[in-house]
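Taken together, the values in this text are just the output of simple stated rules run on the coordinates, not laboratory data. Keep in mind that this is a model prediction, so the values were computed, not measured. Methodologically, a virtual Cβ is constructed for each residue, glycine included, from the backbone with ideal geometry; neighbour enumeration extends over all protein chains shown.
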Amino acid sequence: MTDQRTSLFKLYKPAVNQLEEMLGGEIEIIYIDKDTQLVINEMAELDGAPVNLRATKIYRKVHKSGKIYGHAVILEGKAS
């Protein structure tokens, strides 16, 4: 399997503990632009999770290479 779930939150901002529960571990926040954050499980690749194609495409808007593994959450709107 080469894709994982990617969730989008526009109006509701989950708390850190909710994000960790959704993503199955400690999170990493990647700022795509001033209004978009990509939240991932920082250990997903090491845990053997498959590549998340949708999240990787978003990630590559700001990074020329690299992949996102496992589930991801996209937060849109200004970070609070």
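Can you sort Val39, Val16 by how many other beta carbons sit within 10 Å, fewest first? Walk me through the numbers on the way to the answer.
On the way: Val39 23, Val16 11.
Fewest to most other Cβ atoms nearby, the residues stand as Val16, Val39.
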field: In nm, spacing of pseudo-spin labels at Ala15 and His63 (7 Å Cα→C-beta vector)
entry: 2.9 nm
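So how many Å³ per residue does the convex hull of the Cα atoms of the range 6-76 work out to?
74 Å³
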- prompt: Near Lys57, which aspartates and glutamates are there with a Cα under 18 Å away, not counting those fewer than 8 places off in the same chain?
  reply: Asp3, Glu28, Asp33, Asp35, Glu42, Glu45, Glu76
